[in-house]
Amino acid sequence: MTDLSAGYAPRLSACPACEAAPLAQHVAARAETPAHDALILSLPTAHCALCITQVEDALTAHPGVRSARVNLTLRRVTVDAPGLGADDLIPVLARIGYEAHELDPGALAATTADRAGRDLLMRIGVSGFAMMNIMILSIAVWSGAEAATRDLFHWISAAIALPTVAFCGQPFFASAWTSVRARRLGMDVPISLALILASAISVFETAQSGHHAYFDAAVMLCFFLLIGRYLDHRTRAIARSAAAELTALEVPRATLLRDGVEQTVPVADLRPGDLIRVRPGGRIPADGEITEGASEIDRALLTGETLPVPAGPGMILSAGEVNLTGPLVIRVTAAGRDSSLARLTALVEAAESARGRYTSLAERAARGYSPAVHALAFASFAGWFWASGDLRLSVNIAAAVLIITCPCALGLAVPAVATSASGRLFRRGLLIKDGTALERLAEVDTVVFDKTGTLTMGQPQLVRADLPQDLQPVARALAEASSHPLARALAAGMADVEPAALQDVTERPGQGVEARWQGQRVRLGRADWLGAADDKDGAMLSSWLAIDGQRPFRLDFADRLRPGARECVARLRAEGRRVILLSGDRPAAVAHLADELGIGECYAGVSPTGKADLVGQLSDQGARVLMVGDGLNDTAALARAHVSISPASALDAARVASDMVLTGTNLLPVAEAVAVAERATRRIRENFAISFGYNVVAVPVALAGFATPLIAALAMSISSITVTLNALRLNR
Amino acid sequence: MDVLTMLIPISLGLGAIGLAAFIWALRTHQFDDPQGDAQRFLSSRWDDKPRPD
């Protein structure tokens with residue numbers, strides 16, 4: 001339990017690598033041991049009763065699955081399937097139209113056994129029970145119980161209230177103590193003071209057979225504040241589990257070659273000079289130099305280039321790049337802390353400290369509120385003591401002031417809104433990782449998008465193929481022989497064509513595929529390999545198909561637009577926000593996309609540092625920047641921006657550096673999130689105004705000495721309920 | 001006022017039963033998926049017999 005203000009402030013960690021690395025290493029270490037029986041998959045698109053039945057039915061019908069249970073609150077399905085892997089089950093769900101991602105059960109163990117959350121719920125239950133029972137007795141007192149009966153009721157109330165306050169107030173006492181020791185006044189100091197003072201005064205009054213006891217107020221305070229605390233805890237627990245979920249997606253392992261024997265080791269164990277093998281389709285685990293093999297390298301996540309680069313012995317590779325067509329052996333030059341990946345992380349750290357700490361609305365409110373409350377209570381005590389000389393009366397009035405001004409509604413105002421807003425965004429596929437992200441998002445006036453992988457899917461798609469009818473089956477068959485992204489796009493684009501029968505199909509890493517068809521040599525691949533003239537500056541990616549002795553045919557590909565990208569950009573622009581496209585890709589491709597989406601401002605060929613600098617410049621000019629990006633090259637910019645979002649397909653470093661993660665493929669929730677955030681912030685301000693309004697009415701009554709326990713109970717419950725209802729309006 | 005010696009223990013006892021039920025539900029993970037449980041009753045899958053777990 002930290003205090004309210006501390007709870008909102010920190011990002012998950014100052015350094016994303018510190019957050020991700022231990023968890024990822026833990027995952028890698030555990031990967032050596034045999035797999036679990038229980039598989040956990042995340043289901044970002046499940047939302048109703050039908051989804052539950054469909055998913056559970058489809059999974060149970062799959063041979064080998066013993067049972068499957070969907071948890072709709074967390075959007076997960078737990079599958080008991082000994083011997084089956086996530087790779088077997090994800091296609092099953094894809095066939096019935098559900099996206100699914102694998103999660104690591106070990107990394108999630110902490111979130112499923114959510115002890116702290118259940119502990120808070122338990123305290124809420126106990127204080128609710130106590131509140132109801134004391135209320136029954138209090139109503140009897142308010143409606144006129146006299147003398148011995150009143151004393152008896154007060155004593156019974158005391159017997160229930162004192163243990164309850166001692167047990168349920170612990171979270172507040174603990175955090176008030178920490179903030180007092182740190183010489184700060186958090187929201188919890190006046191809360192604890194009010195709880196203790198109310199209980200003590202009431203015991204004293206009861207012993208003196210007095211008229212007013214505030215046991216009900218003390219317990220009610222506990223109850224409402226614990227609800228606020230629980231909502232706040234839940235929002236943050238979901239955020240934490242989101243971060244854990246994301247690291248669970250990627251397991252950093254490498255295939256080490258030692259004396260010719262392959263061995264799987266965690267990336268952290270690699271040393272410079274080690275030889276590692278990288279299979280086609282695998283990610284390069286450490287910086288190094290190619291010693292054997294030829295292939296093509298996809299650098300999209302590092303630089304934003306969509307065009308794969310040919311690679312051969314002697315070429316230097318950086319960690320994070322993807323090997324496409326041929327197996328490679330790499331001599332490690334830098335691993336772990338020295339690698340380019342780690343250097344980028346350092347850049348992120350620097351950018352993050354530059355962003356500084358954002359003071360949330362709740363903190364700002366607490367900062368002004370707590371001293372004012374204490375001053376007011378003390379002034380009323382001093383004033384009454386000076387005027388009447390009656391110590392007991394003065395203490396009573398001071399306690400009434402403290403109880404009435406206690407930030408009950410204030411403690412609910414922010415968590416209720418945050419819960420309802422993040423719940424709404426969660427249903428639309430956005431995970432919020434940071435407590436203050438919503439407030440920061442509401443201030444955004446400039447939106448910077450990355451191109452590859454963010455506005456586009458990062459997967460090419462066949463757009464034009466001027467092939468004669470008889471060559472189409474050949475193209476399909478050749479394409480199927482390769483795992484190159486363009487070949488796969490070609491195969492997908494010609495899915496309705498029957499593949500031709502080919503002989504001697506061989507893949508030439510870095511060049512293309514060749515085969516024999518009806519006795520002729522046919523080739524599919526790069527322009528220079530086929531002797532065709534390629535325009536390198538074109539907006540399109542292209543591949544060529546040639547039959548020996550004939551003119552080669554050109555096949556054009558374009559990166560596919562992410563669904564919702566057009567609408568998202570249009571909506572942000574319609575709301576009067578400045579939209580900028582920032583990419584490391586070729587100018588022609590960037591300009592083409594900017595044109596298509598109607599983005600006026602675009603920058604091409606920008607380096608990772610350049611991106612962060614540009615975002616920094618915009619901030620210096622006073623703009624509040626929302627950065628949306630997915631690559632390693634965006635990481636520093638993501639951390640530098642006022643607030644940042646990355647899609648789930650992004651590299652883990654990028655996801656860790658950003659405040660929110662988009663779990664679905666559609667980009668539209670980004671525009672929606674900005675609108676929701678604005679409304680949420682407006683609600684928070686309204687809630688502050690409401691609870692302040694109640695105080696304006698009730699405090700003079702308390703100061704004048706007319707406050708009774710009945711008035712305190714009414715003011716407290718009505719303001720708490722109004723604030724909660726106002727927050728719930730956000731859900732409509 | 002003799003009735004109070006009966007009524008107060010009874011009301012406290014009833015409340016305590018409710019509290020015990022709540023704590024039991026909490027301990028047996030019945031609050032782990034509130035949204036899913038709210039939706040599940042809409043499906044008629046296990047209407048005839050309980051799910052064989």
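Candidates in the range A:214-246 are the residues that are among the hydrophobic types (A, V, I, L, M, F, W, C) and at pLDDT below 85; of these, the one that is surrounded by the fewest Cβ atoms within 10 Å (Cβ to Cβ) is A:A237.
Filtering A:I718, A:I645 for residues that are within 30 Å of A:G144 (Cβ to Cβ), out of contact with any Cys (no Cβ under 9 Å at 6 or more places or on another chain) and among the β-branched types (V, I, T) leaves a single hit, A:I718.
Scanning the range A:165-172 for any residue that is within 13 Å of chain B (Cβ to nearest Cβ), in contact (Cβ under 8 Å) with a residue 24 or more places away in the chain, over 23 Å from A:E363 (Cα atoms) and surrounded by fewer than 21 Cβ atoms within 10 Å (Cβ to Cβ) turns up at least one such residue. Scanning the range A:499-521 finds no residues that are of a type in the set (D, E, K, R) and part of a loop (DSSP other than H, G, I, E, B).
In the set A:A387, A:A379, A:A409, A:A375, only one residue is in a helix (DSSP H, G or I), crowded, with 24+ Cβ neighbours inside 10 Å and among the hydrophobic types (A, V, I, L, M, F, W, C); that residue is A:A409. Applying the condition of being of a type in the set (G, A, S) and more than 7 Å from chain A (Cβ to nearest Cβ) to chain B and asking which residue is least open to solvent (accessible area, probe 1.4 Å) yields B:A25. Looking across A:T452, A:T446, one residue alone is hydroxyl-bearing (S, T, Y) and buried (at least 24 other Cβ atoms within 10 Å of the Cβ). It is A:T452. Summed over the range A:444-480, the residues that are at pLDDT 80 or above, in a loop (DSSP other than H, G, I, E, B) and touching a helix residue (DSSP H, G or I) at 6+ places or on another chain (Cβ under 8 Å) give a count of 1.
Name the residues in the range A:61-78 that are within 11 Å of chain B (Cβ to nearest Cβ) and either assigned to a loop (DSSP other than H, G, I, E, B) or over 26 Å from A:R234 (Cα atoms) (or both), would you? It would help to see each step written out before you state the result.
Filtering the range A:61-78 down to residues within 11 Å of chain B (Cβ to nearest Cβ) leaves A:66-67, A:69-78.
Residues satisfying the conditions are A:R66, A:S67, A:L72, A:T73, A:L74, A:R75.
Entry remark, the range A:560-592: residues being acidic (D, E) and at pLDDT 85 or above number 2 in total. In this structure, A:A145 does not satisfy being within 14 Å of chain B (Cβ to nearest Cβ), surrounded by 15 or more Cβ atoms within 10 Å (Cβ to Cβ) and at pLDDT 90 or above.
The values are calculated or read from the model by the stated rules, or taken from the named source; none is laboratory data. Keep in mind it's a predicted model, so treat the numbers as computed, not measured. Note that we place each Cβ from the backbone using ideal geometry, even for glycine, and neighbour counts take in every protein chain shown. Ligands, DNA and RNA are stripped out before the accessible areas are found, and what is left, the full protein with its side chains, is counted by its heavy atoms. Shrake-Rupley method; radii C 1.70, N 1.55, O 1.52, S 1.80 Å.
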